[in-house]
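Below is one structure, written out as structure tokens; the observations come after it.
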Amino acid sequence: MYVHAGNNRIIRKRDIIGIFDMDTATMESATRDYLRAAEKEGRMVNIKEEIPKSFIVACHRKNEDTVYVSQISTGALYGRIKAGISE
């Protein structure tokens, strides 16, 4: 199963570790530090065309995570996961 995360980007459902709301999750300094580190290390993919509403953490390889920043809300992404797109 795949999830359309916005701007023609799809992510395998089994690779998704978590989906987080950009406004509430970034209130914690640890989350902000994590996002800064991901950007600095080249592990962040911006798939937004507008103001970011969420970010998705996915692990495609062992011990290697990628952060996708999306303009789609966490609720809409959850709905897409429930609906699913077949592989």
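Only the coordinates and a few stated rules stand behind these numbers; no lab work does. Just so you know, these numbers come straight off a predicted model, no measurement behind them. When we count neighbours, we look across all protein chains shown, and the Cβ atoms used for this are built from the backbone with ideal geometry, even at glycine.
For the range 1-58, which GluC sites (Glu not before Pro) are in a loop by DSSP, counting at most 16 other Cβ atoms within 10 Å?
In loop regions of the range 1-58 (DSSP not H, G, I, E or B), the sparsely surrounded GluC sites (Glu not before Pro) are Glu28, Glu41, Glu49, Glu50.
Label-point separation (nm) for Cys59 and Glu41, each offset 7 Å from Cα along Cα-to-Cβ?
1.3
I'd like the per residue volume of the convex hull spanned by the Cα atoms of the range 4-87, given in cubic angstrom.
94
Would you mind checking the tilt of helix 74-83 against the longest principal axis of the Cα atoms of the chain, expressed as 0 to 90 degrees and rounded to 10?
The answer is roughly 30 degrees.
Arrange the following residues from fewest to most other Cβ atoms within 10 Å of their Cβ: Ile19, Ile10.
Exposure proxy ranking, most exposed first: Ile10, Ile19.
Looking at the range 27-87, which trypsin sites (Lys or Arg not before Pro) are in a loop (DSSP not H, G, I, E or B) and have at most 10 other Cβ atoms within 10 Å?
Lys62
Take Glu49 and Ala76, extend 7 Å from each Cα along the Cα→Cβ direction, and tell me the distance between the two endpoints in nm.
If labels sit at Glu49 and Ala76, their model points lie 1.0 nm apart.
Figure the gain on full extension for Thr24 and Asn7 (residue separation times 0.36 nm, minus the Cα-Cα span) and round it to one decimal in nm.
Additional length available on full extension: 3.8 nm.
Calculate, in nm to one decimal, what Arg32 and Ile17 gain on full extension: separation in residues at 0.36 nm each, minus their alpha carbon distance.
Working it through step by step, the gained length comes to 3.7 nm.
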